[in-house]
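A short worksheet on the structure shown next.
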Amino acid sequence: MLKFLAPALLLLLSGCTITKTPTIVDANQTTGTVRLGYNLAPLQKGKVDSYSANSTATRQCQQWGFATALPYGNPITTCSVVSGTQCLAKSVVLEYQCRGIAINTTTAAAPWY
């Protein structure tokens, strides 16, 4: 019985790793920055699909005329709900920088010949 209880207890204490889909929480066209964010409940560990997050940021950048978005810096984690000295919920923000100039081929000048 102990051999089955120990792994279950270890899994319970380690918390859950959940795949999170970050959404745009802030975007600034002037500085070319896009911030994506997600929330974590107590004892949760978040894992982000970097391809999906980069695609979301790139779409926003392309709406502004940039070619792509590149992640920069480390994720910013802040405690959003505190009870005493315990952090009950966390907020995580990922930052992206828009780069390059996108060329719109549909409005580019066609050859005159």
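For region 5-28, the condition of being modelled with pLDDT under 85, surrounded by 13 or more Cβ atoms within 10 Å (Cβ to Cβ) and at negative phi holds for none of the residues. Among residues of region 59-73 that are within 11 Å of Thr33 (Cα to Cα), none has a Cβ under 6 angstrom from a residue that is among the hydroxyl-bearing types (Ser, Thr, Tyr) and surrounded by fewer than 13 Cβ atoms within 10 Å (Cβ to Cβ) at a sequence gap of 6+ or on a separate chain.
Selection over region 41-55 of residues that are closer than 14 Å to Leu94 by Cα and touching a strand residue (DSSP E or B) at 6+ places or on another chain (Cβ under 6 Å) gives a count of 4.
The values are calculated or read from the model by the stated rules, or taken from the named source; none is laboratory data. Note that the structure is predicted; figures quoted are calculated from it, not measured. Note that we place each Cβ from the backbone using ideal geometry, even for glycine, and neighbour counts take in every protein chain shown.
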